[in-house]
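Chemist: What follows is a structure written as structure tokens; I'll ask about it next.
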Amino acid sequence: MQIVNCEAVAMDFEKKLSTPNIPTNDVYYKRQLTLHSFNIHALSTGNTTFYCFPETIGGKGSNEVVSFLHHFIFVQLDLSVRHLHIFCDSCDGQNKNFTVFRYLHYVVNTAKRLDSIKVTFPIRGHSYVECDRDMSVINQKIMAELPEDWYTEIRSCRVKPNPFDVVEVDQSLIRNWLLFLDQIYVTKPTYKSRPIGELEILKDHPRLLKHRDSYNGQWETSIIRKPFTNSDEVQLPERQFILPVKLYTDSIPS
């Protein structure tokens, strides 16, 4: 039975795709353009969003992950959803880091878009999530001369339960969330991120992050937000937010 106000998603960066992808020996000796894709798969419906971009647009760091999450939560996610459960791997530079943790806290306690967020990090080596299955559907042997050829393949490779959605990322979508969050949150965590198995953010705890090293043990709490002061950011209406500055101002050399 589907619970209307809850959603669970799996997310991950997918295997990189090369452009041009053509059967000629000349390509082997040339520098190819890498296409990155970040996948968010809704477990209740199977709806899948690919955030696709060439390496000249952005990288695969925490700012990119947060930017895509932000777009998904505020644009793609149904407004009736108030509780979100995320499953993702434990890659420190992408998903399991203080920038992502602070952003999720920001969504619940400042933007107030959600009432709670829970993140589960499966055991390393035992985490074949839906994102891996989605990537296997894409025909990675097609002839692709441009990134747009890959976008077309991703959109058309699946029919049921519905086609993949592709967001063609430009640099206006990728924001400097690290710099923005440093202004209202502590800059260094008081706990070790690597052992964490689960974390939870609740609207009832406006400065705290709950985390534990297992999946059924006792929760620990850590203060991650700076004390509230009169000079805090302007209180915005619910589901509104301040957008950070762009992370990149020019193309990234490939």
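We did not get these values from a lab; they are worked out from the coordinates using the rules stated. Everything numeric in this text was worked out from a predicted model, so none of it was measured. No Cβ is skipped: glycine too gets one built from the backbone with ideal geometry, and neighbour counts run over all protein chains shown.
Chemist: What residues qualify as long-range amide H neighbours of F13, i.e. H under 5 Å apart, gap of 5 or more or another chain, H built at 1.01 Å from N?
Modeler: The list, which skips near neighbours in sequence, is N39.
Chemist: By the scheme Lys and Arg +1, Asp and Glu -1, what is the net charge of all other residues having a beta-carbon under 9 Å from that of L35? If you can, show how the numbers build up before the last one.
Modeler: Details: positive: K16; negative: E55.
With Lys, Arg at +1 and Asp, Glu at -1, the neighbours total 0.
Chemist: Any chance you could check the Cα centroid distance between segment 30-77 and segment 121-157 for me, in angstrom?
Modeler: Computed from Cα coordinates, the inter-centre distance equals 12 Å.
Chemist: What is the chain's relative contact order, in percent, from Cα pairs under 8 angstrom and six or more apart in sequence? The partial results should precede the final answer.
Modeler: On the way: 450 pairs, mean separation 60.3, N = 254.
It comes to 24 percent, rounded to a whole number.
Chemist: So if we plug the beta-carbon distance of Q240 and D170 into 1/(1 + (r/R0)^6) with R0 = 25 Å, what FRET efficiency do we get, rounded to 0.05? Write down the numbers at each step before the final one.
Modeler: Working: r = 23 Å, r/R0 = 0.92.
It comes to 0.65.
Chemist: Reachable aspartates and glutamates from K160, Cα under 16 Å, same-chain residues fewer than 8 places away excluded?
Modeler: E130, D134
Chemist: Quick one: what does P(r) look like for the chain with 5 Å bins over all Cα pairs, in whole %?
Modeler: 1, 6, 12, 16, 18, 16, 13, 8, 5, 2, 1, 0, 0
Chemist: So, one more: Straight-line reach only, C-alpha to C-alpha below 16 angstrom: list the lysines that K15 could link to, leaving out same-chain residues fewer than 8 apart.
Modeler: Partners within reach: K60, K141.
Chemist: How do 247-253, 143-149 rank on mean C-beta neighbours within 10 Å, highest first? Before the final figure, lay out each step's value.
Modeler: On the way: 247-253: 11.3, 143-149: 14.9.
Taking the mean over residues of other Cβ atoms within 10 Å, the ranking is 143-149, 247-253.
Chemist: What are the extents of the Cα atoms of segment 107-253 along their three principal axes, in Å, largest first?
Modeler: 57, 41, 32
Chemist: So what's the Cα pair-distance distribution over segment 1-133, bin width 10 Å, in %?
Modeler: Pairs per bin, as whole percents: 11, 40, 31, 12, 5, 1.
Chemist: Among the trypsin sites (Lys or Arg not before Pro) within segment 128-169, which fall in a DSSP loop and have no more than 12 other Cβ atoms within 10 Å of their own Cβ? Each step should come with its number before you reach the end.
Modeler: Details: sites: R133, K141, R155, R158; in loops: K141, R158.
Answer by residue number: K141.
Chemist: Go through segment 74-80 residue by residue and turn each phi into a ³J(HN,Hα) via Karplus (6.51, -1.76, 1.60, θ = phi - 60°); whole Hz please, and just put x for glycine and proline.
Modeler: 8, 10, 8, 6, 4, 5, 6
Chemist: Read phi for every residue in segment 160-175 and hand back ³J(HN,Hα) as whole Hz from Karplus 6.51 cos²θ - 1.76 cosθ + 1.60, θ = phi - 60°, with x for Gly and Pro.
Modeler: Those phi angles translate into 10, x, 6, x, 5, 9, 10, 9, 7, 6, 10, 5, 5, 7, 8, 10 Hz.
Chemist: On a full-extension model of 0.36 nm per residue, what is the gain between S116 and Y28, subtracting their alpha-carbon distance, rounded to one decimal in nm?
Modeler: Numbers: separation 88, 0.36 × 88 = 31.68 nm, distance 4.83 nm.
Going from the current span to full extension adds 26.9 nm.
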